[in-house]
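Engineer: For reference, the structure I am asking about is given below.
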Amino acid sequence: MTATLPEPTLIETENIHVIDCDAHLTEPADLWSARVPATLRDRMPKQETRDGLTAWYVDGEMWASIGGNTIGHGPKKVLGTNTLQPFEEIHHSAWSTRERLELIDEQGVWAQILYPNGVGFSSNHIFAISDIKQRTQILQTYNDFLVEVQHESGGRLLPQAMLPIWDMDLTVKEMTRLIDQGIAGFTLSDKPELLGLPELPEAYFDPMWDIFNETRTVANFHIGAGGTREESEGLRQSMRDQRAGKSPMTVNTTGAKVAAPSWRSFGPQRWLAVMATQMYMSNVRIVTNLCMSNLFDRYPNLKVVSAESGIGWVPFLLEALEYQLDEMVTTDKEKALQLRRPTEYFRDHIYVMFWFESSAPAKLVEEIGVNNILVETDIPHPTCLYPDAKGHFSRVLGDLDPVSRKRILQDNAAELYKIEVPVGR
């Protein structure tokens, strides 16, 4: 008896090479210990498991978690948790280049843009290390690891590197060093002012923007990237309080208590669901400010990605920006700040992405702009598309014309990150 083969998806029949624009690379246990001289290992992050929970420690103190990891051995996705513990429970595809390639091949994905996992989505965790020499060594060693992954994968895995924004001369050197080695983009904090630095449009950051503009590498703002280490600790404590049946609170950088993301009557799983839903739209702030500024007038080649933020909110935001600009910006001085309309800046410079959404990809592509939409899987995070990314994308984009479908799934990202895709299968 001959087995019946499954029907090929649209992605397979149309020969589309899907580019996943937001997945996460979990930091392997030997990331720093295998890459620095023995004399420096005591000052580098160490992965340790205490009371069954694995985390990263610096100078004996807990520094960072191991991040969101919900794909266990099998591989199989485990629901209802943010991360599997201890580290040994996590499938090797979270950090192994070879096994990640095997996993995305099964998903029908050709290439992945990769962000950090446990150590934060920009350099904020690293910024919290007070010793500048130690901090710099940790960051550059991490970036060296990212270059290794990209080269080992044959250019199919493209990690977005971190920047030492506490020192702009060093930032310029690090950008130049990594671009020369093939790095296609960098992940940035959208709130550097929380780290005691100027805001992004101020003169301090001009050398960084100059390099983005000249090299056309990508500036990526991942949701949650602007949070400080203290804020991350506050959220983790809130989750621990929830599990213990205490009233959850978070603490902001001034030491004041603020309301937790969810009501205290919710359990830890519902807490996580509420927090994640709110977090998706945290990039509204950076997109709004970019579209109401003159940054794109000053840097006309700049391309910006809003990562892991979804797309359903975008049409409302653009409509609100256009309305509020006319209603509120009336003086000659205020009008002179920007040369173009917010929607024009968005169309020419900003990319957004979806994964689990069905309604927005099916109904809102024209309002958002077919050239501004990317896709992601968010592997191995709790909301990741696994194990049927190609089936999901084929279903939700099934009513689009083939040219638009290919642009969203492949061409936009290939052009943006300079990814070579094979001709044919």
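The values are calculated or read from the model by the stated rules, or taken from the named source; none is laboratory data. Everything quoted here is computed from the prediction, not taken from an experiment. Neighbour counts are summed over all protein chains in view; Cβ atoms, including those assigned to glycine, are modelled from backbone coordinates with ideal geometry. Ligands, DNA and RNA are excluded from the accessible area calculation, which covers all protein heavy atoms including side chains. Shrake-Rupley method; radii C 1.70, N 1.55, O 1.52, S 1.80 Å.
Engineer: Could you point to the residue in 293, 69, 369 farthest towards the positive end of the chain's charge dipole, with +1 and -1 charges on the Cβ of Lys/Arg and Asp/Glu respectively?
Structural biologist: Going by the Cα projections, it comes out as 69.
Engineer: Here's another thing I want to ask about it. So what is the diffusion coefficient of the range 323-384 in µm² per second by Stokes-Einstein at 37 °C and 0.692 mPa s, using a Kirkwood Rh over Cα pairs?
Structural biologist: For these conditions, the coefficient is 230 µm²/s.
Engineer: Among 208, 86, 187, whose Cα lies farthest out toward the positive end of the dipole of the chain, if unit charges sit on the beta carbon of Lys, Arg (+1) and Asp, Glu (-1)?
Structural biologist: Of 208, 86, 187, it is 86.
Engineer: For 288, 13, give me the order by solvent-accessible area with a 1.4 Å probe, most accessible first, ignoring ligands, DNA and RNA. Walk me through the intermediate numbers first.
Structural biologist: On the way: 288 40, 13 90 Å².
Ranking 288, 13 by accessible area, largest first, yields 13, 288.
Engineer: Here is a follow-up. Leaving ligands and nucleic acids out of the surface, order 135, 270, 35 by accessible area at 1.4 Å, largest first. All intermediate terms of the calculation are to be shown ahead of the outcome.
Structural biologist: Values: 135 20, 270 145, 35 75 Å².
Final ranking, largest accessible area leading: 270, 35, 135.
Engineer: Continuing with the same structure: State, to one decimal in nm, how far the label point of residue 363 lies from the label point of residue 348, with both points 7 Å from Cα in the Cβ direction.
Structural biologist: 3.2 nm
Engineer: Next up: Nearest 500 deg cm²/dmol is fine: what mean residue ellipticity at 222 nm does the chain get from its DSSP H runs of n ≥ 4 alone, each adding -39,500 (n - 2.57), divided by its residue count?
Structural biologist: On the way: 18 runs with 158 residues, N = 425.
Using -39500 (n - 2.57) per qualifying helix, the result is -10500 deg cm²/dmol.
Engineer: Could you please report the charge total around residue 341, scoring K, R as +1 and D, E as -1 over all other residues with beta-carbon less than 13 angstrom from its beta-carbon?
Structural biologist: On the way: positive: 335, 340, 347; negative: 297, 319, 322, 326, 344, 348.
Here the charged neighbours net out to -3.
Engineer: Hey, can you find the accessible area per residue of the range 288-425 for me, probe 1.4 Å, expressed in square angstrom?
Structural biologist: Working: 6310 Å² over 138 residues.
For the range 288-425, the per-residue accessible area is 46 Å².
Engineer: With all protein chains present and a 1.4 Å probe, how do 59, 399 order by accessible area, largest first? Walk me through the numbers on the way to the answer.
Structural biologist: Numbers: 59 85, 399 155 Å².
Ranking 59, 399 by accessible area, largest first, yields 399, 59.
Engineer: Around residue 154, with a cut-off of 13 angstrom between Cβ atoms, what is the net charge of the other residues, counting Lys and Arg +1 and Asp and Glu -1?
Structural biologist: Numbers: positive: 98, 100, 156; negative: 105, 148, 152, 420.
Taking every Cβ under 13 Å from that of residue 154, the sum is -1.
Engineer: In addition: Using the Cα gyration tensor of the range 280-354, with a ≥ b ≥ c the square roots of its eigenvalues, what is the shape: rounded (a/c below 1.5), prolate (a/b larger than b/c) or oblate (neither)? Walk me through the numbers before you get to the answer.
Structural biologist: Working: a/c = 2.41, a/b = 1.42, b/c = 1.70.
Oblate, since a/c reaches 1.5 and b/c is not below a/b.
Engineer: Assuming R0 = 56 Å, can you tell me the calculated FRET efficiency for the pair residue 399 and residue 39, based on Cβ-Cβ distance, to the nearest 0.05? Mind dumping the intermediate values first?
Structural biologist: Details: r = 61 Å, r/R0 = 1.08.
Efficiency at R0 = 56 Å is approximately 0.40.
Engineer: Let me ask something additional. If you build the Cα gyration tensor of the range 43-96 and take the root of 5 times each eigenvalue, what three semi-axes come out, in whole angstrom, biggest first? Walk me through the intermediate numbers first.
Structural biologist: Values: eigenvalues 100, 25, 15 Å².
Here the semi-axes work out to 22, 11, 9 Å.
Engineer: Give me the distance between the Cα centres of the range 315-379 and the range 43-68, rounded to whole Å.
Structural biologist: 39 Å
Engineer: Would you kindly find the accessible area of residue 375, with a 1.4 Å probe and non-protein molecules such as ligands, DNA and RNA excluded, rounding to the nearest 10 Å²?
Structural biologist: 0 Å²
Engineer: Now for a different question. What does the charge count near residue 87 come to, summing +1 for each Lys or Arg and -1 for each Asp or Glu among other residues with Cβ under 14 Å from its Cβ? Before the final figure, lay out the partial values.
Structural biologist: On the way: positive: 46, 50; negative: 27, 30, 48, 51, 88, 89.
Summing Lys and Arg as +1 and Asp and Glu as -1 gives -4.
Engineer: While we're on this one: First compute the accessible area of the chain with a 1.4 Å probe, then give the percent of it belonging to carbon and sulfur atoms. Mind showing how you got there, number by number?
Structural biologist: Working: 10180 of 18990 Å².
Solvent-exposed carbon and sulfur of the chain make up 54 percent of the total.
Engineer: Under DSSP H, which helices of the chain have Cα atoms covering 27 Å or more of the helix axis and a Kyte-Doolittle average no less than -1.0?
Structural biologist: Span-like helices here: 132-152.
Engineer: While we're here: In Å², and per residue, what accessible area does the range 1-73 have when probed at 1.4 Å with the other protein chains present?
Structural biologist: On the way: 3610 Å² over 73 residues.
Each residue of the range 1-73 exposes 49 Å² on average to a 1.4 Å probe.
Engineer: On to the next question. Report the per residue volume, in Å³, of the convex hull enclosing the C-alpha atoms of the chain. Intermediate values should be presented prior to the final figure.
Structural biologist: Working: hull volume 71.7 nm³, N = 425.
Hull volume over Cα atoms, normalised by residue count, gives 169 Å³.
Engineer: With the radius of gyration and the Kirkwood radius both derived from the Cα set of the range 48-206, what is their ratio Rg to Rh?
Structural biologist: Values: Rg = 16.9 Å, Rh = 17.2 Å.
Using Cα coordinates only, the ratio equals 0.99.
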